[in-house]
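The values are calculated or read from the model by the stated rules, or taken from the named source; none is laboratory data. Not measured: the values here are computed from a predicted model. Backbone-built Cβ (ideal geometry, glycine too); neighbour counts: all protein chains shown. Note: areas computed on protein heavy atoms with side chains; ligands, DNA, RNA excluded. Shrake-Rupley method; radii C 1.70, N 1.55, O 1.52, S 1.80 Å.
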Amino acid sequence: MSRGNVLLVPIAAFLASAVSAAPAVTIDPQRLSQTVKVLASDDFEGRAPGTAGETKTIAWLSKTFADLGLEPGGEKGGWTQAVQLVRTQVGTPRTLGFRVNAENRALTQSRDIYVSTVRNTDRVALESLPVIFVGYGVHAPERQWDDYKGVDLKGKVAVFLINDPDFHAAPDEPVAGKFGGRRMTYYGRWTYKFEEAARRGAAAALIVHDTDGVGYGWPTVIAGAGENYDLVRANPQERVQLQGWIAAGTATELFHAAGLDLAALSRQARRADFKPVELRGTTFSVDLPVTATLAESHNVLAKIAGSERPDETVMFGAHWDAYGVGPPDADGRTIRAGANDDALGVAGVIELARVFKAGPRPQRTLVFAAWTAEERGLIGSQAYAAKPLYPLSKTAANLTLDILQTAGLARDVLLVGAGQSSLEDDLARAAATQQRSITPETLPERGLFYRADHFPLAREGVPVLLLMAISGAADMVDGGREAGNRWLEGYMRCYHQPCDAWNANWDLRGAVQDIELFRILGQDLANSRRWPQWRAESEFNAIRRQSEAQRR
């Protein structure tokens, strides 16, 4: 059947093909565990881009793909794609604080405020800059919303609220439902706030931390320990000189000292007639040493070339990087190894490669990607989307694994970003082969659809799916939703922390289920002429349609 030019696979046919295509070689939980044990070991030093840990990681991944019999999928016949980075590390501030009505209010980095820079510079020195509160800082003409009202931000410090204007709105407020409600849109992401501040010429951008609004606590904010990364940019003005977060309590006190009520202003910011508010009598100063180095990092890509349509691709992806070495935690651990985030996702991609290589050659090319610098803003996948090695117009789908639950079998599959594409229908059909149902993410305020490596490809029109276990509490076979929530809460305490470590006691049967879903989807897409489609209402539909003629 078809709807428009979207080929729909009947459920019976899909189930039959999934069963008949079941591979002799299957996803192996022991292999998953062993891969994570290696990548999350101290030998790999937390896998930070541009470090010795990267060198070991790239070599290990390349050898692993080669040993499986895959072909190099990178540049010039190799295993990698070079990604030019600027890596910055801020030092101890000489000056950091506000001056309010002739009174200095010094701030402590990582306690009251957390700042960094992605500029290639040796110093950020800003003296007595005006401070202006811009609400949610959203400019969305298609939603008849403009928080700026023509106010000039050049040379100023812009202070933002996190998430969208309707996130905290009551049902009877006019803004309710104008954006995503509890489901964050890209306007709610911190990346958007910083980008918009730079577009408007702000010198610095600070976001008021709100655990509910951003989806994680202060320890996650400061996990970078003053380090940051970005792509090397021809135009430095694309980024503000200083970016960061201000603790909620610190922000409340600052606004109070300036004669303002932050809570009241936050409510006003939920109105379309909100106008930016200058903190009169308030300036911000910082003198911050910076160590900036240019580094070449690498995406790793392997492939199984298609037998009939090798120029058409199906891509599986995960990110190899984690947070490297940082300050010791309460137990003295300094290596933030990212065992689940995302060594387990990489292990899943490797298992998919192994299973597909053991089976019949696919008609379309399968690409297996391990991205760099996801934790620093999806940089590796951004670099690929800007300079793709396989035509994005003929990439049927990107299927991304980023954090899988380790507590056992689940009755459902958590869907991130519901309502975007026809791949969601495919996922539901694949889940039915496992007697599982689809549950839309229960924590949509975390904006996870905009926080993983599928997103840069989505922005270029490629249909995508993300499996990410922190999008809600799974309905566990043993213990139901309550057990799923216990796992989620326990994991979030270790998110981006040294305790995200390999554990021999992980129950990876649920992770195997999820990886198998991508095996089913990949098998179907790799051996068909189907092109998944964005929903008509998706913000990515228009850009995909521009290349439609190339897929006929």
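Table for the structure above
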read-out	value
Per-residue HN-Hα couplings for region 45-59 [Karplus 6.51, -1.76, 1.60; θ = phi - 60°; Hz; x = Gly/Pro]	6, x, 6, 7, x, x, 10, 4, x, 5, 3, 5, 5, 4, 5
Placed amide H near GLU312: partners under 5 Å, 5+ positions off or other chain	THR365
Region 299-439 shape via C-alpha gyration tensor axes, a/c threshold 1.5	oblate
Linear extension gain, ASP43 paired with ASP331, 0.36 nm per residue minus alpha-carbon span	101.8 nm
For region 253-343: rounded, prolate or oblate by the Cα gyration tensor [a/c cutoff 1.5]	prolate
Sum of -39500 (n - 2.57) over DSSP H runs of 4+, divided by residues of the chain (222 nm, nearest 500)	-7500 deg cm²/dmol
Degrees, to the nearest 10: 480-492 long Cα axis against longest axis of the chain	60
Under Karplus coefficients 6.51, -1.76 and 1.60, residue-wise ³J(HN,Hα) of region 190-207 in Hz, glycine/proline x	4, 4, 4, 4, 5, 5, 5, 4, 5, 4, 9, x, 5, 7, 8, 9, 10, 10
Sulfur and carbon atoms: percent of accessible area, the chain [1.4 Å]	50
C-alpha center-to-center spacing [region 468-497, region 498-552] in angstrom	22
Whole-Hz couplings from phi, Karplus 6.51/-1.76/1.60, listed for region 383-400; x for Gly and Pro	4, 5, 4, 6, 9, x, 8, 10, x, 5, 5, 10, 8, 5, 6, 10, 10, 10
Surface per residue (accessible, 1.4 Å probe) for the chain, Å²	39
Centroid-to-centroid separation of region 148-208 and region 227-273 [C-alpha atoms, Å]	9
Degrees between helix 11-20 axis and first principal axis of the chain (Cα, 0 to 90, nearest 10)	70
Between helix 345-358 and the chain: long-axis angle, C-alpha atoms, 0 to 90°, nearest 10	20
Residues with amide H under 5 Å from that of THR80, placed H, sequence gap 5 or more	GLY74, GLU75, LEU301
For ILE113, residues with placed amide H under 5 Å, excluding near neighbours	THR108, ALA247
Of all DSSP beta bridges in region 29-160, antiparallel share, percent nearest 5	60
17 Å Cα-Cα reach of LYS154 towards lysines, excluding residues that sit fewer than 8 places from it in its own chain	LYS193, LYS275
Anchor LYS76: lysines whose Cα lies under 29 Å away (excluding residues fewer than 8 positions away in-chain)	LYS56, LYS63, LYS303, LYS357, LYS387, LYS394
Cα-projected label distance for ALA386 with SER307, points at 7 Å along beta-carbon direction, nm	3.9
